[in-house]
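Worksheet: one structure, shown below.
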Amino acid sequence: MDEYNIVQEHAEANLTLLCGYHHDLKSRGQLPVEVVRAKNANPHNVVQNSTATHSLFYFADHAEIVAGGNRVVVSNRSASGVKIDGDSLVDFELVEGNLMLNLDFRDRDGAPVLTVRQNELVHSTHLWDYEFTGKQLSIRERKGQIYLTVVFEADKQRVVIEKGLVSHNGVDLLIDPRGLCILNNLILVSGSSIAGIDTAISVGDGSGGSGPAAMHFDIDRGPYDRGAAIVWARKSMAEAAKPLPKYLPGSHPKFSGSLSPGKPLTLMAICLLPYPWERSSRRA
């Protein structure tokens with residue numbers, strides 16, 4: 001807190017962590033060290049349930065959601081990547097001609113972990129550690145254990161949910177760069193590409209207004225072995241990450257499985273709707 005050129009040492013009692021904005025104010029002499037010491041003794045994040053808002057800058061008519069390696073292309077419309085019981089966990093909302101990001105990720109108790117409302121980001125302060133480096137926000141449940149990792153690529157009009165273990169209304173989702181797994185029923189979605197539809201993945205009760213969905217799954221919310229489900233999911237994701245067989249033009253990847261409760265279902269490498277340039281090439 002006292003400048004190093006004055007004290008000439010890095011004593012623990014003299015160290016604190018400032019955000020870039022307040023660090024700049026202190027460097028310019030606009031934030032007195034007495035204020036820094038007072039705030040250090042009673043940090044904002046300790047007494048508040050969430051941080052102050054952080055602005056994101058998604059302003060265009062097209063965007064992309066990537067969740068567990070699954071890709072959703074959004075253009076000139078509001079669209080959700082994942083909905084549970086009609087509640088959207090990640091979507092882009094069309095507002096005055098611009099697509100704005102919304103996120104709603106919660107823990108198993110229903111407490112908010114990360115919230116974005118029309119490009120305004122707030123995260124809770126009750127978990128072990130939060131690290132926002134460049135475009136990437138990492139939230140850790142404990143030392144060495146990532147709870148959620150999200151990359152905000154506003155320059156590419158894209159949000160990437162790389163890793164996560166989140167819950168909503170009794171539905172548990174495991175997200176990994178290799179796939180997205182609904183743990184309750186062992187449903188794994190990997191390598192899908194979706195465009196031109198209101199909702200990519202709809203889970204549970206769709207009466208909340210999911211609209212047309214590329215995939216919809218009913219979920220058994222009874223007790224299940226969450227640990228064993230996570231082990232199965234990670235093993236299956238490793239298999240899904242292996243190179244897929246090549247398909248001839250006009251053929252479609254095949255998948256097998258069951259929607260019965262407790263029976264695994266794996267969906268891999270699905271392109272549910274052709275992209276505009278593919279439609280154009282077919283017409284040609």
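Using a 1.4 angstrom probe on heavy atoms only, work out the carbon and sulfur share of the accessible area of the range 75-193 in %.
Within the range 75-193, the accessible surface is 43 percent carbon and sulfur.
Using θ = phi - 60° and the Karplus relation 6.51 cos²θ - 1.76 cosθ + 1.60, list the HN-Hα couplings for the range 104-119 in order, rounded to whole Hz, with x at every Gly or Pro.
Per-residue couplings from phi come out as 8, 10, 10, 8, 5, 8, x, 7, x, 10, 9, 10, 10, 10, 6, 6 Hz.
Can you work out the accessible area per residue across the range 62-120, with the rest of the protein chains kept in place, probe 1.4 Å, in square angstrom? The partial results should precede the final answer.
Values: 2200 Å² over 59 residues.
That works out to 37 Å² per residue.
Work through the residues other than Gln118 whose Cβ is under 12 Å from its Cβ and net out their charges, Lys, Arg +1 and Asp, Glu -1.
Counting the neighbours of Gln118, the net charge comes to -3.
Scan the range 89-173 for GluC sites (Glu not before Pro) in coil per DSSP, keeping those whose Cβ has at most 10 other Cβ atoms within 10 Å, and list them by number.
For GluC sites (Glu not before Pro) across the range 89-173 that sit outside H, G, I, E and B with at most 10 neighbouring Cβ atoms in 10 Å, the list reads Glu96.
Rounded, prolate or oblate for the range 87-243? Axes are the square roots of the Cα gyration tensor eigenvalues, ordered a ≥ b ≥ c, and the cut-off for rounded is a/c under 1.5.
Taking the square roots of the gyration eigenvalues as a ≥ b ≥ c, the range 87-243 is rounded.
Per-residue HN-Hα couplings for the range 166-171, Karplus 6.51 cos²θ - 1.76 cosθ + 1.60 at θ = phi - 60°, whole Hz, x for Gly and Pro?
10, 9, 7, 6, x, 9
Give me a comma-separated list of calculated 3J(HN,Hα) values for the range 178-192, in order, Karplus coefficients 6.51, -1.76, 1.60 applied at θ = phi - 60°, integers in Hz, x for any Gly or Pro.
Coupling constants for the range 178-192: 9, x, 10, 10, 8, 5, 3, 10, 6, 9, 10, 10, 9, x, 8 Hz.
Go through Val66, Val159 and list them by solvent-accessible area, largest first, probe radius 1.4 Å. If you can, show how the numbers build up before the last one.
Numbers: Val66 25, Val159 0 Å².
Result, largest first: Val66, Val159.
Would you please state which residues of the range 88-105 a label at Ser55 would reach in this model, taking the label point 7 Å out along Cα→Cβ and a backbone N cut-off of under 20 Å?
From the range 88-105, the list is 93-103.
Counting only other residues whose beta carbon sits under 13 Å from that of Gly81, what net charge do I get with K and R as +1, D and E as -1?
Within the 13 Å Cβ shell, the charges total -3.
For the range 98-198, which trypsin sites (Lys or Arg not before Pro) pass both filters: DSSP loop (anything but H, G, I, E, B) and at most 12 other C-beta atoms within 10 Å? Show your work: numbers first, answer last.
Numbers: sites: Arg106, Arg108, Arg117, Lys135, Arg140, Arg142, Lys143, Lys156, Arg158, Lys163, Arg178; in loops: Arg108, Lys135, Lys143, Arg178.
Counting only loop positions with at most 12 other Cβ atoms within 10 Å, the trypsin sites (Lys or Arg not before Pro) in the range 98-198 are Arg108, Lys143.
Please list, ordered by chain and number, the residues whose modelled amide H lies under 5 Å from the amide H of Gly86; skip anything fewer than 5 residues away on the same chain.
Amide H neighbours of Gly86: Val203, Gly208.
Length gain on complete extension for the stretch Arg117 to Glu239, per 0.36 nm per residue less the alpha carbon to alpha carbon distance? Don't skip to the end; give the middle numbers.
Details: separation 122, 0.36 × 122 = 43.92 nm, distance 3.57 nm.
Stretched fully, the Arg117-Glu239 segment lengthens by 40.3 nm.
The values are calculated or read from the model by the stated rules, or taken from the named source; none is laboratory data. Note that the structure is a prediction, hence the values are computed from the model and not measured. Cβ coordinates were reconstructed from backbone atoms using ideal geometry, including for glycine residues, and neighbour counts include every protein chain displayed. Note: accessible area is taken over every heavy atom of the protein model, side chains too, but ligands, DNA and RNA are not part of it. Shrake-Rupley method; radii C 1.70, N 1.55, O 1.52, S 1.80 Å.
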